[in-house]
């Protein structure tokens, strides 16, 4: 996630500076060895240092002079590394080698000892991405096939749908080789999201083809007419999704561009596949559709429009009651900016708990301050130790002595503390990785260091990165949401040639988004911010299709009958198709939520599943009510509506 921060963010600049100045990197992993003597711990440290991918192993001998009895050393410093016979080692695992290095360390430490840290979290996420994506797909595809079988009259049609979209998903995944690398979040979410969002295009086309087969003499003629009829609906649907995903690419936090580019690419490929490949496939094998016809498996619901319209006034009242609290609630949710802790039922999760039980929370940060003034550095270190959340510090004045000039010592004794321009101080804190208290602590560290060095210092660490991430993504939120609404509004404006239709559609779907995103606030649940940001765009872009489908049909029906009758007929005609789309998208979301151990992916899944259901409810209850209530305004603000003039 650090790689996706802007180049000019403070923590990125700090990381670049440390990499230029020091050979070593900041610790990102910890290992606890149980029931071990100091001599055994020193021997184990050498084994750890010899492991491929491991560097900068820090233990007690780096914080105090081991020639002095530990009973005479500072108790807090000793207990940061060695407590009750347990030794805690901190070290860095090289980027790109997380998986193989953590596996090698597990073999080295065995089952009885524990490991935790940022590098282990990355390794776990990378390993789980492939297996969890396959597991999610294995659960999802049978569910989608079942939904499609229930909603079609041919056993072969679901195969055609999935083949057309499946081909575009595979091509999309393959073209990622030209990008070089993608985030594991994108790998987990994009293929399944592309399948769910673009399956509608194939359903639109084949349903039209099936209708025209009854009216034409040849399948070729039926396909031509089906393509002509369904093209506007598919193009409008693809355009809203396309521009919604384009908005993600404008995020400064580049995970948005990573996911947005993949989804945009996927939508374009799905559109081409449905308009080029699917017609060819269907015309070659249409006799399979004929041979595998079956009766409609779901009973048709009669007069559903009449029933739902009875709730139009209560639906509008409930919307007006909920919309303001939902809007305010979704902006007040407690957010998490990292990928979260590992589940307790995994080894990574239980190991992290075991280490915390002995050594408390451990969140290291690194200060780089200008080299040269040992007295000033000592004063800063003493002040740092006076902060309640600082458990210990590792610096030259701690490990050696402020009384001994560094130039009197060999370089090997000072290289971990000094570079050409900077002095390095490691601050071991007891704060959480993130949260209000952690971010306040970072502000305190920065303020204290600035008192000594002005702006000429750098602070880095996982928590500092998350603090920068918070500042970056909060700005992104406004930009992305605004761009999404504006671009979708323009598409709707062009599609319906109306000022009022886009407003009605956006109110309907945006209300569903706000209600969905406000639920964590009212249930006091912490929400992963990246998931919130992505869903606020994806839900709007993906579910506005339901509103487009219903409104386009209503607009045609309204030319032949009054508003109330037109809405009833439209609901009767389209509720089934909208229900199929919503159930597929909702299934995708809930399966991602249930199968992913990664909190970012899991939260995206939960929000998507719940959002699709809310959008369906809003489209079949609130949108029809708005179309009836605002009929006169819609008529006056639509170009050549040709609405029915009778009563």
Which residues does a label at residue 94 reach in the range 100-115, if reach means a backbone N under 13 Å from a point 7 Å past the Cα toward the Cβ? 100-102
Reciprocal mean inverse distance between Cα atoms of the range 311-425 - Kirkwood radius, Å: 19.3
If I histogram all Cα-Cα distances within the range 73-161 using bins 5 Å wide from 0, what percent of pairs lands in each bin? 3, 10, 14, 12, 10, 9, 8, 6, 7, 7, 5, 3, 3, 2, 1, 0, 0
Distance between the C-alpha centers of the range 467-506 and the range 419-439? Whole Å please. 38
Rg to Rh ratio, the range 147-223, alpha-carbon atoms and Kirkwood radius? 1.12
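Highest first, please rank the peptides 354-365, 500-511, 316-327 by the mean number of other Cβ atoms sitting within 10 Å of their residues. Let's see the in-between values first.
Values: 354-365: 17.8, 500-511: 22.2, 316-327: 14.4.
In decreasing order of mean packing, 354-365, 500-511, 316-327 become 500-511, 354-365, 316-327.
Rounded to the nearest 500, what is the 222 nm mean residue ellipticity of the chain from helices alone, with -39500 (n - 2.57) per DSSP H run of 4+ residues and division by all residues? Don't skip to the end; give the middle numbers.
Working: 25 runs with 419 residues, N = 647.
My calculation for the chain gives -21500 deg cm²/dmol from helical runs alone.
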Which whole-number percent is the relative contact order of the range 1-82 (Cα, under 8 Å, 6+ apart)? 19
Residues residue 311 and residue 285, FRET efficiency given R0 of 35 Å [Cβ-Cβ distance, rounded to 0.05]: 0.20
Give the Debye-formula value of log10 I(q)/I(0) at each listed q (0.09, 0.12, 0.16 Å⁻¹), with one equal scatterer per alpha carbon of the range 110-261, two decimals each. -0.42, -0.67, -1.02
Hey, what's the Cα Rg ratio for the range 431-517 versus the globular rule of thumb, 2.2 N^0.38 Å? 1.75
Between the alpha-carbon centers of the range 548-615 and the range 164-199, tell me the distance in whole angstrom. 22
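Compute the FRET efficiency between residue 296 and residue 346 as 1/(1 + (r/R0)^6), taking r as their Cβ-Cβ distance and R0 = 41 Å, and round to the nearest 0.05. Walk me through the numbers on the way to the answer.
Numbers: r = 45 Å, r/R0 = 1.11.
Efficiency computed from Cβ-Cβ geometry: 0.35.
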Directionally averaged shadow of the range 497-647, computed from the convex hull of its alpha-carbon atoms, nm²: 9.0
In degrees from 0 to 90, rounded to the nearest 10, what is the angle of the helix 38-49 Cα long axis to the longest principal axis of the chain? 50
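Highest first, please rank the peptides 400-408, 240-248 by the mean number of other Cβ atoms sitting within 10 Å of their residues. Please report the intermediate quantities before stating the final value.
On the way: 400-408: 12.2, 240-248: 25.7.
The most tightly packed comes first, giving 240-248, 400-408.
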Ignoring solvent entirely, what values of log10 I(q)/I(0) come out of the Debye formula for the range 366-479 at 0.21 Å⁻¹ when each Cα is a single scatterer? -1.16
Mean separation of Cα contacts under 8 Å (6+ apart) over length of the range 49-101, as relative contact order %: 52
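With the alpha-carbon atoms as the only input, what is the per residue convex hull volume for the range 295-363 in Å³?
On the way: hull volume 15.5 nm³, N = 69.
Looking at the range 295-363, the number lands at 224 Å³ per residue.
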Semi-axes (Å, rounded, descending) of the ellipsoid equivalent to the range 466-530 per its C-alpha gyration tensor are 29, 17, 6
With no solvent and one point on each alpha carbon, what is the Debye value of log10 I(q)/I(0) for the range 401-560 at q = 0.11, 0.16, 0.20 Å⁻¹? -0.68, -1.00, -1.26
Starting from the eigenvalues of the Cα gyration tensor, five times each then square-rooted, give me the equivalent ellipsoid semi-axes of the range 22-175, largest first, whole Å. 52, 16, 11
Quick check: the angle from helix 255-272's long axis to the longest principal axis of the chain, C-alpha only, nearest 10 degrees? 30
Least to most buried among 460, 585, by other C-beta atoms within 10 Å and fewest first, runs 460, 585
Dividing the convex hull volume of the alpha carbon atoms of the range 135-192 by its residue count, what do you get in Å³ per residue? 74
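Based on the Cα atoms of the range 1-56, what semi-axes does the equivalent ellipsoid have, where each is the square root of 5 times one gyration tensor eigenvalue, given in whole Å with the largest first?
On the way: eigenvalues 202, 30, 17 Å².
Working from the Cα gyration tensor, I get semi-axes of 32, 12, 9 Å.
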Taking the alpha-carbon set of the range 48-108, what are its Rg and Dmax in Å? 13.9, 41
If packing is taken as the average count of other Cβ atoms within 10 Å, what order do 447-456, 474-483, 267-276 fall into, highest mean first? 267-276, 474-483, 447-456
Calculated from the structure, mean projected area of the Cα convex hull in nm² equals which of (1) 32.5; (2) 29.9; (3) 27.9? (1)
Rounded tilt (10° steps) of 462-496 against the dominant C-alpha axis of the chain: 10
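Computed from the coordinates by the stated procedures, all read-outs in this text should not be read as laboratory data. Given the structure is predicted, the values throughout are model-derived calculations rather than measurements. All Cβ positions, even for glycine, are placed from backbone atoms using ideal geometry, and neighbour counts span all protein chains on display.
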